[in-house]
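Notes follow once the structure below has been shown.
The values are calculated or read from the model by the stated rules, or taken from the named source; none is laboratory data. All figures in this text were calculated on a predicted structure; none of them were measured in a lab. Virtual Cβ from ideal backbone geometry, glycine too; neighbours counted across all protein chains shown. Keep in mind that these areas ignore ligands, DNA and RNA; they rest on the heavy atoms of the full protein, side chains included. Shrake-Rupley method; radii C 1.70, N 1.55, O 1.52, S 1.80 Å.
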Amino acid sequence: MTSLQQRSAHHPARALPRIFGDLRGTSTLVTWGLLIVAVVLAAILQPKFFTLYSITSNFATFTPLVFAAVAQAVVILSGGLDLSVGAVIALSSVTALTVMNGDDTKIALGFIVAILTGIGCGIVNGIIIGVVRLQPLIATFGTLSIFSGITLLVLPQPGGAVPPALTSVYRMAIGRLPISLLLVLSCALLWWILSKTVFARHVYAVGSNAESAYASLVPVTGVKIGAYATCGFFAGLAALAILSNTGSGDPFIGESMAMDSIAACVLGGIALSGGRGSGYGAIAGALILSLTSNILFFIGVPTTYRQLASGLVIIAALALSVLSPKGGKTQ
C-alpha cells in the first residue's frame, strides 16, 4: 500500500498541479521580491525617500498607473486585452477638465463625467469584443484611434485649468498619511470588494476557459462587457488622478499607459492568457515600474536613454510571463 501511494505521488499527471503551484508561488515571490529591491534601491539613491514630502510626491506620480494597471488587470483576467486604455484615460481626463473648467463647485460633476466616460468607452469595447466577437487586440487597437480622435476634438492641445481644490487636496496628508498613498490603498480596497463578488468569479472562469464557463451557464458575453466596463471605471479614476497631479489637461497623456499597464500586470504575476493573478499583483507591478523610472533618474541615465532602459525593463517583465502558466486562480 505504501509503495502504491509513493508511486502515485510521483506520477507525472499528479505532479503537474504541484509544479504549476510552485511556479505560481515563484511568480508571486518574484513580484514582491522585485518590489522590495526597487524600494531599497530607491531609498539608497534618494536619501529623503521616506520623508512625508517625498512619499506624497512619489505616490502622487504613481497613483495614475496604479489605477490603469488594475483597469487592465480586470480585462486580462477575463481573457482579453485593452490597448485603448491609455486613450480612454486621456478622453476621460479632457471631458472632466472641460466640464469642471477650473471651478471648485463642479468637482463632483467632473468625477461623474470622468467615470461615466470611462465606463462608456469600456462598454463600447466590450460590445465589439463580446457581441461582434472581434479579437481584443484588433478591436481595442481600432477604438484606440477613435477615442484618441474624440479626445483631440474635445481638447486639441494641452491646456485648461483643473479646480485648485482638487490639486491641493491631492497633495495633502491626513496626519502622516498622504492622500495619494490613501488613494493607492483605496484602489486595493476596491479590488478586495470586487474580488468578493460573483462577477469576479465569472471573470476568472471566463478567462480560464470561456467554453467551459459557457457550459456552466456563466453569461460569457455579459461578463466580457462587464470586464471592459469595469476597466473603464478604473481608467476614469486614473484620469482624475492625472488631472489632480498635473493641474492641466493633455490629450496625449495616455500614450504610454497601455503598454505600461500591461507590463505592470505581467510584473504582478497576471497571466496574459487570462484567469490567473490578482489586482494586488497589478498594483505591485505598477509600483515597481514607477520606482524603476525614479531609479533611472537618480542614477543619472540621460533622458535620451531612459526610454530605452524603460523598454528593456518592460521586455524583462513580459519575459516573466513564462512563469505564469494558464490554469488555477489567485484572488
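What are the residues in the stretch 46-56 that are among the polar types (S, T, N, Q) and either touching a residue at least 40 places away in the same chain (Cβ under 8 Å) or not in a helix (DSSP H, G or I) (or both), if any? Break it down stepwise before answering.
Of all residues in the stretch 46-56, those among the polar types (S, T, N, Q) come to 46, 51, 54, 56.
Gln46, Thr51, Thr56, listed by residue number.
Just checking, does the stretch 93-102 include any residue being modelled with pLDDT under 95, among the small types (Gly, Ala, Ser), open to solvent by less than 10 Å² (accessible area, probe 1.4 Å) and in a helix (DSSP H, G or I)?
No, there is no match, as no residue in the stretch 93-102 is modelled with pLDDT under 95, among the small types (Gly, Ala, Ser), open to solvent by less than 10 Å² (accessible area, probe 1.4 Å) and in a helix (DSSP H, G or I).
Looking only at the stretch 191-202, count every residue that is open to solvent by 60 Å² or more (accessible area, probe 1.4 Å) and in a helix (DSSP H, G or I) and tell me the total.
Result for the stretch 191-202: 4.
Starting from the stretch 27-45, take each residue that is touching a residue at least 24 places away in the same chain (Cβ under 8 Å) and list its partners that are open to solvent by 50 Å² or more (accessible area, probe 1.4 Å) and polar (S, T, N, Q), counting only C-beta distances under 8 angstrom and pairs at least six apart or across chains.
Listed pairs, sorted by first residue: Thr28/Thr330.
Residues of the stretch 277-307 being of a type in the set (Val, Ile, Thr), closer than 12 Å to Leu45 by Cα and open to solvent by 50 Å² or more (accessible area, probe 1.4 Å), which ones? Working first, answer last.
Our first condition is that a residue be of a type in the set (Val, Ile, Thr); within the stretch 277-307, this holds for 283, 288, 292, 295, 299, 301, 303-304.
Checking the rest, the ones that are also closer than 12 Å to Leu45 by Cα come to 292, 295, 299.
Selection gives Ile299 alone.
Just to be sure I understand, how many residues within the stretch 125-145 are assigned to a helix (DSSP H, G or I), touching a residue at least 24 places away in the same chain (Cβ under 8 Å) and among the hydrophobic types (A, V, I, L, M, F, W, C)?
Residues in the stretch 125-145 being assigned to a helix (DSSP H, G or I), touching a residue at least 24 places away in the same chain (Cβ under 8 Å) and among the hydrophobic types (A, V, I, L, M, F, W, C): 5 in total.
For the subset of the stretch 104-146 comprising residues that are small (Gly, Ala, Ser) and open to solvent by less than 10 Å² (accessible area, probe 1.4 Å), which member is farthest from Ala90 (Cα to Cα)?
Keep residues of the stretch 104-146 that are small (Gly, Ala, Ser), which gives 108, 110, 114, 118, 120, 122, 126, 130, 139, 142, 145.
Remaining after also requiring open to solvent by less than 10 Å² (accessible area, probe 1.4 Å): 110, 114, 118, 122, 126, 130, 139.
Numbers: Gly110: 14, Ala114: 10, Gly118: 10, Gly122: 13, Gly126: 19, Gly130: 24, Ala139: 18 Å.
Taking the candidates together, the pick is Gly130.
With (1) open to solvent by 40 Å² or more (accessible area, probe 1.4 Å); (2) touching a residue at least 60 places away in the same chain (Cβ under 8 Å); (3) not hydrophobic (A, V, I, L, M, F, W, C) as the list, and Tyr214 as the residue in question, which single condition is left unmet?
(2)
Leu166 - would you say it is within 24 Å of Val99 (Cβ to Cβ) and open to solvent by less than 50 Å² (accessible area, probe 1.4 Å)?
Numbers: within 24 Å of Val99 (Cβ to Cβ): yes; open to solvent by less than 50 Å² (accessible area, probe 1.4 Å): yes.
The answer is yes for Leu166.
From (1) in contact with a strand residue (DSSP E or B) (Cβ under 7 Å, 6 or more places away or on another chain); (2) over 30 Å from Phe298 (Cβ atoms); (3) not aromatic (Phe, Trp, Tyr), pick out the condition that doesn't hold for Thr56.
Evaluating Thr56 over (1) in contact with a strand residue (DSSP E or B) (Cβ under 7 Å, 6 or more places away or on another chain); (2) over 30 Å from Phe298 (Cβ atoms); (3) not aromatic (Phe, Trp, Tyr) leaves (2) as the failure.
Here are some conditions: (1) among the β-branched types (Val, Ile, Thr); (2) crowded, with 17+ Cβ neighbours inside 10 Å; (3) more than 21 Å from Phe62 (Cα to Cα). Val184 meets all but one. Which one does it not meet?
That leaves (3) as the condition not met.
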